Each structure stands twice: as C-alpha cells, then as structure tokens.
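The structure under discussion appears below in the form of structure tokens.
The values are calculated or read from the model by the stated rules, or taken from the named source; none is laboratory data. Source: prediction; values computed, not measured. For neighbour counting, all protein chains shown are included, and Cβ atoms are generated from backbone atoms with ideal geometry for every residue, glycine included. Note: accessible area is taken over every heavy atom of the protein model, side chains too, but ligands, DNA and RNA are not part of it. Shrake-Rupley method; radii C 1.70, N 1.55, O 1.52, S 1.80 Å.
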Amino acid sequence: MRELWEVVNGQVEYIDDIRLPGETYLFVLRSPYPHAVVKAIAPPKRGLLFLTSKELTAYMPARDVEGVRHVARMPVLAVDRVKFVGQPVAAVLVEDKYEGEDVLDEAYVDYEPLPSISTIEQALRGDVIVHEGAPDNISVEDVVKGGDLDAFNKAEVVVESEVRQSRVVPNPLEPKGCVAYFDGEVLHMYVSTQAPFRVRQDVAEALGLPPERISVKAPRNVGGGFGNKVPAYPEYVIAAYASMRLRRPVKWIETRREHLNNPTHGRDLYSKVQIYARRDGKIIGIRGSIIVNIGAYNFTINTRAARFIASLLMAPYEIEAVDLRAVGVYTNLPPTGPYRGGGRPEAALIQEFAVERLAEELGLDPFEVRVKNAAGDGFKTPTGWQLGPYGGRALLARAAEVYRDVTKRYPNAGVGVAFFAEHVRVVPGESCRIRIEGCKVRVGLGGIGPHGQAHRTAFQVLASRLLGISQEDVVVELADTEASPWGVGSFGSRSLSAGAGALYDAVQKLMAKTRELGLQWPRDICRAEGLEVVGEYKGQDAFGGGVHIAVVELDPDTLRPEVKYYYAVDNVGNILLEDEVRAQIEGGIAQGVSQVFFEEAKYDSEGNPAFMTIADTGFPTAEDLRIDPHIDYVVIPSPNPGGFLGVGETGTTGGLAAAYIAVYKAMRKLGLSPRHKTPAV
Amino acid sequence: MEIRLKVNGRSYVFDVPPRMLLAHLLRDRLGIRSVRIGCDTGHCGACTVLLNGEPVKSCNVFAFMADGGEVVTLEGLNDRLAAALKRAFVEEHALQCGYCTSGMIVSLYGLLKDGRQTSEGEIRRAIRGNLCRCTGYTSIVRAAVRAQRYVSS
Ligand code: FES
Ligand code: FES
C-alpha cells in the first residue's frame, strides 16, 4: 500500500511540518487551580500580542443542547473565573518559539482559589456548585425509555450491577495543533483534525465569522485522533483571531503536558442498572441510570454522551422494555468528549456486565444466555434503533465453538464474552466532488478526515473500481473544506459507509454527464477535461456487531493480568482493504483492553491532576500490553451503497467489555472481590 | 555555541543556544520530518535517532552534547536491514497514523544491527520506550521478527 510506504520512507507531513513564512507562535497561560476567581492579569513585557478575555470574548460552541437543562459554554479565554486545571486564561504570541515559555512566565495572574470537586458523587451531593445556573450540578437529565414498560412486572429476577469507567486521556501520539493565516479575505487554517467542516463551523461560531470565509484543511498526515480531534479547541480560535490581528501566520502545537489536562478527556461515567429477566434466562428489560462526568463545561457533544449510551444499551438483545435515566454532571475537571467508540464501548461494557451478572445469579452458561436473547436481523430496539442485517446470531454461532474450547482449555482463567451491536454513524451523510483534470479523476471527500485508517487508498481503490479506470488515474483529496461542498467527519466508524455513498452518487452523476456530452467512458476521459459533478449521500445509520472472547489470567501474587487468548469475530460489512480491517480491529482491541488493565487520568477530590506525564495516565508500553488477538470476521453487506460498515471502533467496543468481564471472573476465581471499575486490576 | 555534527552522512557546523535540544536542531534547522515530538518528558520515543550508532531520544539530548558525533535518522537508514524493516512494517501493517513509526524503526534498527537473532521479549524491551497508540504493538513485533528473517535469509 503506497500510503504505508510513504510513512516508512518518511514522506509525511504532520501539522508541525507545515511551516509558513513569517509564522508566529501561540503560547497559552493556563489555570493552575481547579476553581478560582481571576482577580487580575499582568501582561508579560515581551511578545507580539497578549490576549485575555477582555479583548477576545468568545465561547466554544456546545452541540446537542436541545432539551438540556443547563448549558455552560466554555470561554475561549477565562472570563472572571477558571473552572479546571489547564483552562486557558491568557495567550501570548511570540516571534521565537523557543522563547514562548519564558514570555509566559513573565505574565502574572492573581487568583483567589475557590472550593472545587472532581467526582460524580460530589457533584450530585452539591458539595460545590460549579455553575450558578445549575445549583444541582446537573447539565442534562433525560429519560431514555421505550417498549412496553408494563413488561417489567413479568420479571422473576432482577439483578443489579454497577460499573465505574475511568476518565482517560485520549493521547493520540501526535498532540493537537493548528496553523492559521488570514489573507485579507479568507482565513486559512491547517488543523490536525478528524473533521475539517466541524472545525470550520466551530471557529465561525466562536468568532462570529461566516463559514464561507474560513477554509480548513488537515495536513496529509494526522497522527491519531480517537475522537479528540473532532471539534475546534480554544487555541484554534485564538490562533485564528491572532492571525487576523497580526496579519501573520500563527501556529499552535499542543505539548503533551497541555494535552494531559486539555479538553477533551474520554469516558468517566458511573452506571447502576437492573436487568429484569425470567428464571430461564430470558431478558425482559433494563432499568437504571447512567451518569457521565462531563467536566466543567458543555463542550462539543458531551451532553449527548449519557443519552447515546442509554439508547444503545441492550441493542443486540430482543428485550421488551428500556427505562433509563441519563445524566450529565458538572465537576471541576476538563470537559469530556467522545473517545474511541464514543459511547459504544461504554454501552457494551454496562450491558455485557449486566448480562454476565444475570447468568451468574441464575447459574446459567453466560454464552447460552446471550444466544437465547440475541435479536435477529431486522430487530428494532425499544429505544428505536433499527439493527438491520447486523448479524448478531451469525456472530454468536461463529464464536460458540471457540467459547466452549477456551473454557475447557483455561480452567483457571477468567473468560469474558462481549456480544454487541456496533453502531455506524452515517447521518447526516457526506458530499463528494469529482473533477476531471489532466486526464485524471480527482475525487474530493472534504469531510473525511483520516488519521491512520488508510482512507486515501480505500477511496482510491473504490473509485477506480466504480469508474473502471486504474488506481493511478484517481487522485483522492480528503479532509479539506475546499474539496467538496459539505461534510461531517471521520468518527463513529462512518467514513467508508457515508463516504462511499457520496462517491457512488457522484460517479453516477459523472456517468450521466459524460453520456449527455456524447463521450464514451473511460475512453474519452481526456476529452472530459474540466468536467465537475457533486454527489452526496444522506443515508441511515447502520449496525454491524461482534462477539469478543477474552481469556485473562491474573498472577495470584501480583495480580498482573495476562491475556492468554483473545478471539474476536466482527461483522465488518464488505471489505476493501483486508489488512487495514484487521489492523483497525487489532489496535482497537488493544485500546479497550488497555483501559481495563492500566488507564486512568486520576484526580484528587478537588480536581488536581495526580499525573504529570503520559506514562502516569497508564499509557501502556510494548512490555505492558501483550495481546495477539485472533481476528475473525463475517461479511454481511450493510444496506448502504457498497455494503460497507466501519471498523475503527468495533475492536474497542468488544475489547473493553470482554477484558473487563474476564478480569472480573478471574478475580472471582481467586476468591477476590472485583473492583467494579476500570482499571479493573 | 558552535558544534560539529554529522547528520545522515553530511557534516555540519551549527551555532546553537545551549538550551537547544537535538530534536529541535534536527527538525527546525535541517527540516528532518522523521524526528517527531510526542511528549516533553522523554517517554514517547517519537524523536528517536541513532547517535553514534545507538538509539537515543533526541529530545533528551542537548544539541551541544552531540558535538563531534554522528546522527542518523530514518532518512539516513538505507542499508539492507533498514530496507527489510521498512518492507516488514508495510507487509505486517505495523503502522496506522504513522506518528510513532520512524522512532520504532530506528529503535529496532538499533536492536537488530548486529545481526543477532532476538526473541520477542527482546524486541518488546527494545521498543518499550517507543509508545504507539494505534497498533497495540503486536504487528510491530511481528514486523521486527519478519525483518530479521529477511536479513538472515
Ligand atoms: S518527544 Fe522525545 S521522547 Fe517524546
Ligand atoms: S501508528 Fe499511530 S502511534 Fe503508532
């Protein structure tokens, strides 16, 4: 694959490789306090520009706020108060980047510290009020319910389970960054992003600019995203503003130290659910609550987290009723956002642990309980998701033998099974522009922002197939608001499903146009010079699914976990690049397992970080994380054009739940009481 | 201060401030992109280069400390072992976002350059200072094993 060869040969361009003549550097002064009044700010003596909220009063947009009880948008630069450690307070622009930190040191801020909180329990007790408009610290409280609620009365057993999922630092290996410059007409931004259109919209709203005057483009390479690189961040807004003030390019590259305490963190939720069932293991429904610690502000889509998780809960089971409370609370921690899987792994963990506990309580085989309750294709969940041909029963059938085999082979280990329906976010679609230039076809999918998924190759392969031309004659342009009229982004396992839909539409239009012009395709490609068409796709969300089986042994003395065996079978939809599918699933599993074994961004009860380095957050090394999963798949074409699904998150969805349950059971086997939290060891 | 440095086979004389890190010298003065910054605490290994033949984290070394030395980055690795590693990385799909890749390859080059057969444990030890968020490491270990096969065959 050419894309991979480019990387090993060093032909790459990450955000910090972009160097514009005359560029200046942005450095940000951050709050050392979790909660404080900002009494006075004294500027440094040097620097090209010094900014506080006095000059730049702007707020980061919060999405999905309909029906939300309280909305507290995060100021770009603190207005009167700071509410988490790391929050931007002031900004300085410097000529020489090596002097940035020294110049920052010259600025002085007078703070008056206030009491602060960090946990969901503290928030609900109301120990401290984070925002005056939300005296109960609740931002969002919703009831997610559906089906026949009377059905709960038929239950013969009710089994409760609770889980606490740790706050994690997304830690893409390349931190965030941007370069902004204003040419007098248009504000140009290079951003290490998964979603250029989203960044454009965010910056436009924050600064009150029309989006048409902003152009956002990702560099050729983005060094990982994991949900962290979807929205715009305060620093992007500051860089944009400063570049307009200075009329010079402004660059901001996040340091790892900044990344550790910057929005957005992932996960951080508590769930307590009751599963209602009959004695024979037939599940009737689920009740309970899901509470997400969204941190100090409504940022990006963190108001959606609890509701989305609740809506996905029990998706692959044919149950009758769902009645869940979905809550998002404020604390003095950095705002959270989607982190690899964005709700899917959280839901799978809650759901699968509940099913496991039910089987345990009833003395039934946990795999059989899953088989008994598995929804068939076409099931519509009580919360309204249409599963379509997600393949649940086929997946269980495929995994059954492996399960029987490993339970025999590893009698001392914990065997964790995760069965899930994997949501693929297609809505609201993508657009694609095709243009003939120099006898080649340029395919623009501006919304797709790859960050390690070989999308350039995938779309090149698909386009060449659809157009009946060689791959060399296809040039793919991604992650650029100029490459197609509109777009959404690469997250929610959506790029190929949504992108292919748009590409199919554009190809059809191109074919129609060439016919109209009396050209014969592809023979007359050079005569079609300059021809341009725009396609789009606005299809429905789709579901894949998976069964993951983790076999974990704990060292009886040190409790060090060892993955003895790992099996994953996922419905991956039609396949374009098989190696890439495997790689995505393998890496995804590692990230899920890693949270169970190691990862937590620990804070004290007042919201001071207890971690100083990337290592302190539990980021595993090659010696810590040894897992060689056996990856299997079934191919059931999705209803979307091309029949594709997405595989960026399915590994994590299965990995988190399977490893968690495996550790739980291994603990039980050792006669120890499980922790009911991640990390689980 | 003035330092002399050989980088990827070419000799340079630089005037550097005492605080300048080798990583910054390589990136900012020579435009070497394979040297990447992923942290500020010497943990991630994205900046790994060979200094006098041994893998080091170039963000952990002041430029003046390398005075008189020889630096090789991914761009300067052109022998049979390097070719084997690169090919094996592609074939085993041992990279996704690619940010860790050059550091990984340099560290593994340092491990395998003597031609000794190494175990999986040794491979994992050699890259424990190179973090990867995307792959879960196993494909990287497989690539190292495969590269050894290529050079020994
Ligand atoms: S940048 Fe050198 S170790 Fe992270
Ligand atoms: S490939 Fe992304 S960090 Fe290793």
### Query
Which whole-number value in Å² is the accessible area per residue of chain A, probe 1.4 Å?
33 Å²
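As a test of the formula, what do you get for chain A when each DSSP H run with n ≥ 4 contributes -39,500 (n - 2.57) and the sum is divided by the residue count, at 222 nm and rounded to the nearest 500 deg cm²/dmol?
Working: 14 runs with 179 residues, N = 681.
After summing the helix terms and dividing by residue count, I get -8500 deg cm²/dmol.
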### Message
Can you sort A:536, A:356 by solvent-accessible area, 1.4 Å probe, largest first?
### Response
A:536, A:356
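Within the accessible area of chain A, what % is carbon and sulfur when the probe is 1.4 Å and the other protein chains stay in place?
Details: 10930 of 22770 Å².
Looking at chain A in its full context, I get 48 percent from C and S.
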#### Entry: Under-5 Å amide H pairs with residue B:69, H placed in peptide plane, nonlocal only
B:6
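Once you have a ≥ b ≥ c as the square roots of the Cα gyration tensor eigenvalues for segment A:303-412, tell me rounded if a/c is under 1.5, and otherwise prolate or oblate according to whether a/b is larger than b/c. Don't skip to the end; give the middle numbers.
Values: a/c = 2.06, a/b = 1.53, b/c = 1.35.
Note, shape of segment A:303-412 comes out prolate.
Would you mind calculating the gained length between residue B:117 and residue B:67 on full extension (0.36 nm times residue separation, minus the Cα-Cα distance), in nm to one decimal? Show your work: numbers first, answer last.
Numbers: separation 50, 0.36 × 50 = 18.00 nm, distance 3.30 nm.
Extra length from residue B:117 to residue B:67 when fully extended: 14.7 nm.
If you count the DSSP beta bridges with both ends in segment A:259-325, what percent of them are antiparallel, to the nearest 5? Please list the in-between numbers first.
Numbers: 9 of 14 bridges.
Around 65 percent antiparallel, to the nearest 5.
Multiplying the sequence separation of residue A:380 and residue A:57 by 0.36 nm and subtracting their Cα-Cα distance, what value in nm do you get?
Details: separation 323, 0.36 × 323 = 116.28 nm, distance 4.62 nm.
The residue A:380-residue A:57 span can extend by a further 111.7 nm.
For a test of the definition: using alpha carbon positions, the gyration tensor, and the 1.5 limit on a/c, classify segment A:215-372 as rounded, prolate or oblate. Mind showing how you got there, number by number?
Details: a/c = 3.48, a/b = 2.76, b/c = 1.26.
Prolate is the answer for segment A:215-372, as a/c is 1.5 or above and a/b outweighs b/c.
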### Query
Could you give the nm distance between label points at residue A:365 and residue A:40, where each point is 7 Å from its Cα heading toward the beta carbon?
7.5 nm
### Task
Pull up all non-local amide H partners of residue A:30: gap of 5 or more, or a different chain, and H-to-H distance under 5 Å with H placed in the peptide plane.
A:89
## Note on the structure
Residues whose modelled amide H sits under 5 Å from the amide H of residue A:214, counting only those 5 or more places away in sequence or on another chain, are A:187
### Query
At a 1.4 Å probe, which residues in segment A:10-34 are at least 10 Å² less accessible with all protein chains present than in their chain isolated?
A:10, A:12, A:13, A:14, A:16, A:17, A:19
### Efficiency of FRET between residue A:151 and residue A:668 - r from beta-carbon atoms, R0 22 angstrom, step 0.05
0.10
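Can you work out the FRET efficiency for the pair residue A:677 and residue A:98, with r the C-beta to C-beta distance and R0 = 51 Å, to the nearest 0.05? Don't jump to the answer; show the numbers that get you there.
On the way: r = 43 Å, r/R0 = 0.84.
Computed FRET efficiency for residue A:677 and residue A:98: 0.75.
Nearest-5 percent of antiparallel DSSP beta bridges in segment A:530-681? The partial results should precede the final answer.
Working: 12 of 17 bridges.
Expressed as a percentage, antiparallel bridges in segment A:530-681 total about 70.
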### Summary
Of the listed links A:272/A:602; A:176/B:6; A:154/A:372, those spanning more than 25 angstrom between alpha carbons are A:176/B:6
### Task
Taking 7 Å along the Cα-to-C-beta vector as the label spot, tell me the residue A:526-residue A:540 distance in nanometres, rounded to one decimal.
4.7 nm
### Query
In what order, largest first, do A:20, A:510 sit by accessible area if the probe radius is 1.4 Å?
A:20, A:510
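Using only atoms on other chains, find how many Cβ atoms lie within 10 Å of each Cβ of peptide A:64-74 and report the average.
Numbers: counts 0, 0, 0, 0, 0, 0, 0, 0, 0, 0, 0.
The per-residue average across the peptide is 0.
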### Query
With contacts defined as alpha carbon pairs under 8 Å and 6 or more residues apart, what's the relative contact order of chain A in percent?
15 percent
### Query
Which FRET efficiency, nearest 0.05, do residue A:2 and residue A:79 yield, Cβ-Cβ r, R0 60 Å?
0.80
### Query
Using the alpha-carbon centroid of each, what span in Å lies between segment A:540-562 and segment B:1-23?
48 Å
### Derived scalar couplings ³J(HN,Hα) [segment A:166-183; Karplus, 6.51 cos²θ - 1.76 cosθ + 1.60; whole Hz; x for Gly, Pro]
5, 6, 10, 8, x, 6, x, 5, 9, x, 6, x, 7, 10, 10, 8, 10, 9
### Message
What's the longest uninterrupted piece of chain A once you rule out the trypsin sites (Lys or Arg not before Pro) that are loop residues per DSSP with at most 12 other Cβ within 10 Å?
### Response
A:280-522
#### Entry: segment A:223-378: relative contact order as a whole-number percent, Cα under 8 Å and 6+ apart
27 percent
### Task
With a probe of 1.4 Å, find how much accessible area segment B:1-134 has per residue, and write the answer as a whole number in Å².
39 Å²
### Task
For segment A:446-461, take each phi angle, set θ = phi - 60°, evaluate the Karplus expression 6.51 cos²θ - 1.76 cosθ + 1.60, and give the result in whole Hz per residue in order, putting x for glycine and proline.
x, x, 6, x, x, 9, x, 10, 6, 5, 4, 5, 4, 6, 5, 5
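Given charges of +1 on the Cβ of Lys and Arg and -1 on the Cβ of Asp and Glu, with all other atoms neutral, how large is the dipole of chain B about its Cα centre, in debye to the nearest 20? Don't jump to the answer; show the numbers that get you there.
On the way: 21 positive and 14 negative charges, 73 e Å.
I would put it at about 340 debye.
Name the shape class, rounded, prolate or oblate, that the alpha-carbon gyration tensor gives for chain A, where a ≥ b ≥ c are the square roots of its eigenvalues, rounded holds for a/c under 1.5, and otherwise prolate holds if a/b is larger than b/c and oblate otherwise. Please report the intermediate quantities before stating the final value.
Details: a/c = 1.77, a/b = 1.13, b/c = 1.57.
Oblate.
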#### Entry: Residues in segment B:85-109 occluded by at least 30 Å² - accessible area, probe radius 1.4 Å, against chain by itself
B:86, B:90, B:93, B:95, B:96, B:97, B:99
#### Entry: residue A:409 versus residue A:247: modelled label distance in nm, points set 7 Å from Cα along the beta carbon direction
7.0 nm
#### Entry: Derived scalar couplings ³J(HN,Hα) [segment A:538-547; Karplus, 6.51 cos²θ - 1.76 cosθ + 1.60; whole Hz; x for Gly, Pro]
10, x, 9, 4, 10, 10, x, x, x, 10
### Message
List the pairs from A:380/A:677; A:282/A:669; B:57/B:113 whose alpha-carbon separation is above 22 Å, in the order I gave them.
### Response
A:380/A:677; A:282/A:669
